[in-house]
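For reference, the structure is listed below as structure tokens.
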Amino acid sequence: MNIIAIDIGNTNIHLGLFLDGEETSIEPVPGDNKSQLAEVLERLWEQIPVLESSKEQKRDGVIVLCSVKPKWAQTIRELCAEKFSEKVLVIGDDIPLPMPALVDEPLKIGTDRIVEAFAAYSVVEGAVVVADFGTALTIDLVDANGAFQGGVICPGFAIEARSLKDGTAQLPEVTVTRPTTPYGKNTNDAINCGLYYATIGTLEEVIRRYAESIGMWPQTILTGAAAATIKEDCPFIDNYVPNLAVKGIVLTYKKYIEDKSRN
């Protein structure tokens, strides 16, 4: 099974190539850089083998995406149709959600959150929390039966830092890093400490409340670009898995194919 799995976020697009089901590469591309996106897509598509029986040199692979940004999803559809004559399969439209979502409107909560939750549950096979540190911070709960229960959405580091700058007269915008001390000796470090430790506190408090609601402490997985910054100071976290959404897209497609073969 050869797949290009594409996770479209609010800021970046991650493209993963999986050949015979094995991860070959995962690359981030700024979502507003169409030329770079086209270059990466072409390079990945050319690595997928051609079907031996195809006179048209059709490649033996599929392109599957999940998206929180419809405009960028449409750009990828158009690029794939133009360059490869290939239809893109979209999770939530062409491919059903891989797990029950016990929320008000499952298709409006972000399919990236669902595929991440599915990937985590597929490994843990029990109650699990997925915290994704991207443009926004999402903290989602899957119960012991494999149902997506819902979650919380908070601003990510960059949004928090920008809001302090925009909402005050003199505070600067900082890039959040792991502090060397728990307090700042200057304004920049004070903001950095505040945003950093407030996020850790939010994460631990939300997980604790989830644990109280289900009667057990769930395993917890961090993912997302900013998670690497914070993971060392989160002893209550079990694992850090970069690009969990891309892996979840592949697992979702595999489940879709398996379900179709049984029907």
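Seen against the Cα atoms of the chain and their longest principal axis, helix 34-45 is set at about 50 degrees.
In the chain, the longest principal axis of the Cα atoms and the axis of helix 111-124 are about 90 degrees apart. Determine the sum of side-chain charges near S261: Lys and Arg each +1, Asp and Glu each -1, restricted to other residues whose C-beta is under 15 angstrom from that of S261. Spelling it out: positives minus negatives among the neighbours equals +2.
Among all stretches of the chain without exposed GluC sites (Glu not before Pro) (DSSP loop, at most 16 other Cβ atoms within 10 Å), which one is longest? Mind showing how you got there, number by number?
Working: sites that count: E46, E52, E56, E125, E173.
Result for the longest clean stretch: 174-263.
For the stretch 91-140, the orientation-averaged shadow of the C-alpha convex hull comes to 3.8 nm² (one quarter of the hull surface). Here's the list of aspartates and glutamates a cross-link from K260 could span, going by alpha-carbon distance under 17 Å and ignoring same-chain residues fewer than 8 apart: D93, D94. Return one number: the angle in degrees, 0 to 90 and rounded to the nearest 10, between the long axis of the Cα atoms of helix 244-262 and the longest principal axis of the Cα atoms of the chain. Tilt relative to the chain: about 40 degrees. For the stretch 120-247, the Kirkwood estimate of hydrodynamic radius, built from reciprocal distances between every pair of different alpha carbons, is 15.4 Å. Modelled spin-label separation between S261 and E105, with each label point placed 7 Å from Cα along the Cα-to-Cβ direction: 3.6 nm. Between R43 and N186, full extension at 0.36 nm per residue minus the direct alpha carbon distance yields a gain of 46.8 nm. Charging the Cβ of each Asp and Glu at -1 and of each Lys and Arg at +1, and nothing else, the dipole of the chain about its Cα centre rounds to 280 debye.
Of the residues Q219, L17, T168, the one whose Cα sits farthest toward the positive end of the charge dipole of the chain, with +1 on the Cβ of Lys and Arg and -1 on the Cβ of Asp and Glu, is T168. Structure note, pairs K71/K231; K58/K247; K71/K165: Cα-Cα distances above 27 angstrom occur for K71/K231; K71/K165. Convex hull volume of the Cα atoms of the stretch 3-90, normalised per residue: 83 Å³. Reported value for the stretch 1-149: 116 Å³ per residue, from the convex hull of its C-alpha atoms.
Annotation: average projected area of the chain is 16.2 square nanometres, based on the convex hull of Cα atoms across all directions.
Could you calculate the contour length gain from F236 to E173, that is, 0.36 nm times the residue separation minus the distance between their Cα atoms, to one decimal place in nm?
On the way: separation 63, 0.36 × 63 = 22.68 nm, distance 2.93 nm.
Here the answer is 19.7 nm.
When the chain is described by a simple charge dipole with +1 on each Lys and Arg Cβ and -1 on each Asp and Glu Cβ, the residue from Q47, L107, G248 located farthest towards its positive end is L107. In terms of the mean number of neighbouring beta-carbon atoms within 10 Å, the peptides 25-37, 214-226, 187-199 order highest first as 214-226, 187-199, 25-37. Placing R0 at 30 angstrom, the Cβ-Cβ distance between D94 and Q36 gives a FRET efficiency of 0.70 after rounding to 0.05. Here the dipole of the stretch 120-247 is about 260 debye; that uses its Cα centre as origin and unit charges on the Cβ of Lys and Arg (positive) and Asp and Glu (negative).
Read-outs throughout are calculated quantities, based only on the coordinates presented, and are distinct from any laboratory measurement. Bear in mind the structure is a predicted one, so any value in this text is a computation, not a measurement. Every residue, glycine as well, gets a Cβ built from its backbone with ideal geometry; the counts of neighbours run over all protein chains shown.
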